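Student: Dropping a structure here in structure tokens format, bear with me for questions.
The values are calculated or read from the model by the stated rules, or taken from the named source; none is laboratory data. It should be emphasised that the depicted structure is a prediction, and the values quoted were computed from it without experimental measurement. Neighbour counts run over all protein chains shown; Cβ positions are idealised from the backbone, glycine included. Each accessible area value is taken on the protein alone, full model and side chains, heavy atoms only, with ligands, DNA and RNA left out. Shrake-Rupley method; radii C 1.70, N 1.55, O 1.52, S 1.80 Å.
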Amino acid sequence: MSTTPTRVFVARLLGLDVFDPLGDRLGRLRDVVVLSRGTQGAPHVVGIVVEVPGKKRVFVPMTRITSIDQTQIICTGLVNLRRFEQRGAETLVVAEMFDRRVTLRDGSGDATIEDIAMDQSRSGDWFVSKLFVRRGHSLSPLSRLRRNETLIIDWADALQGPRTEPQAATQFVANHEDLKPADFAEALQEMSDKRRFEVASELQDERLADVLQELPEDDQVEILSALDVQRAADVLEEMDPDDAADLLGELPSAQAEELLQLMEPEGAEDVRRLLEYDEDTAGGLMTPVPVILPPEATVAEALAHVRREELSPALASSIFIARPPLETPTGRFLGVVHIQQLLRFPPYEPLGNLVDKNLEPLSDQAHISEVARTLATYNLNSLPVVNGTGRLVGAVTVDDVLDHLLPDDWRAHDGEAPIRKLGGRIG
């Protein structure tokens, strides 16, 4: 391994590309794995966690690293693509050591770890050498004057508290704010239950809602149940109604009802309507908040609506035309305008002139096999769902169907997994 530089700070490595000797990119560094040596000295750095294409995180031993600095990391290229699983004695630097409280051995009080330096020894092994810390509270008047002071200390100059001690997650959240919700959820799944709850508590309600929607149902239930009941209700309000309904459906009925009572009435009403449907029906899969406009609205107005950042690409692909009221269940459903049609007509054109009247809406009681077959037959991203009186009650998107058909643990599955069989042939 290259001997220069012999010291690097972990926070500066986060997000760096990892290359093989030929310059091909293998992935991106997301964490560093260390092994405690107890009273024998500073922790031994045993490897790094790399996010490879496909958003899977794998372990690369330090013995495979040939060069490491603050601009790039080069390894031998021989990487085991098995998903990283943390072993009992291992510690993740970013996930578990950043934000940990330590006691300074000089008697000046407590401090919080914000970064960690690792040094390479002459033998080629890497060890944690320095801690970049921010002073915290102390009973000493002098230390109170120094509160929020940052300093670099030797590993041996700090006394580590027990791993069971409560730990903040400010640094972890800040270092991962660029991650998409699905990738953040992947990182959460690698943590212990304790650390997962601490990170979840640090997230803003909207961010936590987005991340929860990307987690397996068991993890969703565990995290939501660990939150204060009012905050749990606030997070549910930020979730898409169909995802909130799926999550509440996994909770005991008394707990689900308590949360619904604490939610805003309008949001709770949408979720209650979804909970009335069987999960294998269009009503159980749909979202009750697609883009709905009257026939008098123009192409320009429709384009403004589908530009909204919170809309998924599948939902933004179609505008549903209905008579007022425009909140589900709407007035009489008239038809669909596809986004491609919006691009072919002038801004002032009324949507009523562009309605696709050949696309039949689905009944809210339609089985998922019919939903999937219709999406596949007409190559659509979404379908309108109506009730028995012909009023639009929601829309089913292709990602809703895929999420239902894939195995419950598909987010954590590395290999091929069978798709749930539907009643009847699709396509």
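Student: Among the residues of region 259-275, is any open to solvent by less than 50 Å² (accessible area, probe 1.4 Å) and without any contact (Cβ under 8 Å) to a residue 12 or more places away in the chain?
Tutor: Initial filter on region 259-275 (open to solvent by less than 50 Å² (accessible area, probe 1.4 Å)): 259-260, 263, 267-268, 270-271, 273-274.
With the extra rule that they be without any contact (Cβ under 8 Å) to a residue 12 or more places away in the chain, the set shrinks to 268.
Checked region 259-275: at least one residue is open to solvent by less than 50 Å² (accessible area, probe 1.4 Å) and without any contact (Cβ under 8 Å) to a residue 12 or more places away in the chain.
Student: Read through the list (1) within 30 Å of Leu159 (Cα to Cα); (2) modelled with pLDDT under 90, then give the number of the only condition that Met62 fails.
Tutor: Single failed check for Met62: (2).
Student: Restricting attention to region 340-385, and to residues there that are in a loop (DSSP other than H, G, I, E, B), within 30 Å of the chain's Cα centre (by Cα) and not hydrophobic (A, V, I, L, M, F, W, C), which single residue is modelled with the highest pLDDT?
Tutor: Asp364
Student: Still on this structure: Considering Val291, Val299, Val306, which residue is closer than 18 Å to Val337 by Cβ, in contact with a His (Cβ under 7 Å, 6 or more places away or on another chain), open to solvent by less than 60 Å² (accessible area, probe 1.4 Å) and hydrophobic (A, V, I, L, M, F, W, C)? Break it down stepwise before answering.
Tutor: Details: Val299 fails: in contact with a His (Cβ under 7 Å, 6 or more places away or on another chain); Val306 fails: in contact with a His (Cβ under 7 Å, 6 or more places away or on another chain).
Answer to the check: Val291.
Student: Residues that are open to solvent by 60 Å² or more (accessible area, probe 1.4 Å), outside any helix (DSSP H, G or I) and at positive phi: does region 53-65 have at least one?
Tutor: Among the residues of region 53-65, at least one is open to solvent by 60 Å² or more (accessible area, probe 1.4 Å), outside any helix (DSSP H, G or I) and at positive phi, which makes the answer yes.
Student: Further question: What's the number of the condition Met263 fails, among (1) within 24 Å of the chain's Cα centre (by Cα); (2) under 18 Å from Leu383 (Cα atoms)?
Tutor: (2)
Student: Next up: In region 141-156, how many residues are exposed (fewer than 12 other Cβ atoms within 10 Å of the Cβ) and modelled with pLDDT under 55?
Tutor: Matching residues across region 141-156 total 3.
Student: Looking at (1) surrounded by fewer than 19 Cβ atoms within 10 Å (Cβ to Cβ); (2) out of contact with any helix residue (DSSP H, G or I) (no Cβ under 7 Å at 6 or more places or on another chain); (3) within 24 Å of Pro329 (Cα to Cα), can you tell me which one Asp240 breaks?
Tutor: (1)
Student: On to the next question. Cβ-Cβ below 8 Å, separation at least six or inter-chain, first residue in region 110-128 and more than 20 Å from Ala11 (Cα to Cα), second open to solvent by 10 Å² or more (accessible area, probe 1.4 Å) and in a loop (DSSP other than H, G, I, E, B): which pairs?
Tutor: Asp110/Gly136; Asp110/His137; Asp110/Ser138; Gly124/Met1
Student: Identify, please: which residue in region 106-123 is outside any strand (DSSP E or B) and either among the small types (Gly, Ala, Ser) or in contact with a helix residue (DSSP H, G or I) (Cβ under 8 Å, 6 or more places away or on another chain) (or both) and is, among those, least open to solvent (accessible area, probe 1.4 Å)? Steps first, answer last, please.
Tutor: Restricting attention to region 106-123, the residues satisfying the condition of being outside any strand (DSSP E or B) are 106-108, 121-123.
Then keep just the ones that are either among the small types (Gly, Ala, Ser) or in contact with a helix residue (DSSP H, G or I) (Cβ under 8 Å, 6 or more places away or on another chain) (or both); that gives 106-108, 121, 123.
On the way: Asp106: 116, Gly107: 60, Ser108: 12, Ser121: 41, Ser123: 91 Å².
So the residue we want is Ser108.
Student: Further question: If you take the residues of region 157-170 that are modelled with pLDDT of 85 or more and open to solvent by less than 50 Å² (accessible area, probe 1.4 Å), which of them is nearest to Val199 (Cα to Cα)?
Tutor: So, considering only residues that are modelled with pLDDT of 85 or more and open to solvent by less than 50 Å² (accessible area, probe 1.4 Å), the one nearest to Val199 (Cα to Cα) is Ala169.
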